[in-house]
1. Defining a contact as two alpha carbons under 8 Å apart and six or more residues distant in sequence, what relative contact order in percent does the stretch 44-171 show?
2. Given points 7 Å out from each Cα along the Cα-Cβ axis, report the residue 52 to residue 5 separation in nanometres with one decimal.
3. For each of 9, 126, count neighbouring Cβ atoms within 10 Å of the residue's Cβ, then give the residues from fewest to most.
4. Give the residue from 29, 74, 144 lying farthest towards the positive end of the charge dipole for the chain; charges sit on Cβ (+1 for Lys and Arg, -1 for Asp and Glu) and the dipole is referred to the Cα centre.
5. Please arrange 61, 153, 14 by how many other C-beta atoms lie within 10 Å of their C-beta, fewest to most.
6. Please order 163, 115 by the number of other Cβ within 10 Å, starting at the fewest.
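Read the figures in this text as sums done on the coordinates, not as results from a lab. Small disclaimer: the values here were computed from a predicted structure and weren't measured. Cβ placement follows ideal geometry from the backbone for every residue including glycine, while neighbour counts extend to all protein chains displayed.
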Amino acid sequence: MKATETKLKGCFILEPEIHHDERGYFFESFNQRDFSKAIGMDVNFVQDNISFSKKGVLRGLHYQKGEHAQAKLVSVLEGRIQDVVVDLRKDSDTYGQHISIELSSENKKQLFVPRVFAHGFLTLSKTASVFYKCDNYYSKDSEGSIIYNDESLGINWKIPKNRIIVSAKDNMEKER
């Protein structure tokens with residue numbers, strides 16, 4: 001596994017070693033020992049989530065606050081997404097900054113999102129199935145969100161605004 005730290009400290013792009021032959025391919029999508037070594041910390045995942053979306057659906061930008069903050073390991077099982085994370089750590093040199101990366105079933109990249117980050121994604125393909133591991137259990141009372149088109153973030157979503165589909169819940173900000 002190749003791990004590349006992004007400009008946001010503690011946030012990593014992970015690329016598996018893929019073994020191809022005439023039958024297809026094989027790779028380990030997760031190995032706790034190799035993962036911990038690659039990112040330089042121990043993370044104990046306790047919950048797996050799968051999201052299925054059609055083209056143009058934007059989910060996020062979500063986060064969990066306080067004791068329910070979650071680190072995530074995000075990958076795409078089918079399709080392509082634009083994955084975006086925002087550093088919400090007030091003591092960080094990159095507080096309020098974001099990164100955007102394309103994750104797909106073709107490139108097989110994963111994104112490790114540390115705790116105290118907002119996360120969201122936009123479906124770029126006809127459909128996409130997104131799989132992510134979380135290191136803490138979801139708590140409805142601890143959820144927060146940043147509206148996807150927050151001008152202070154200046155996120156360049158990869159499709160025109162009039163083609164983005166968001167839920168009523170994701171079309172407003174909830175604390176920060």
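1. Across the stretch 44-171, relative contact order equals 42 percent.
2. Here the answer is 3.9 nm between the modelled labels.
3. 126, 9
4. In the chain, that residue is 144.
5. Result, fewest neighbours first: 153, 14, 61.
6. 163, 115
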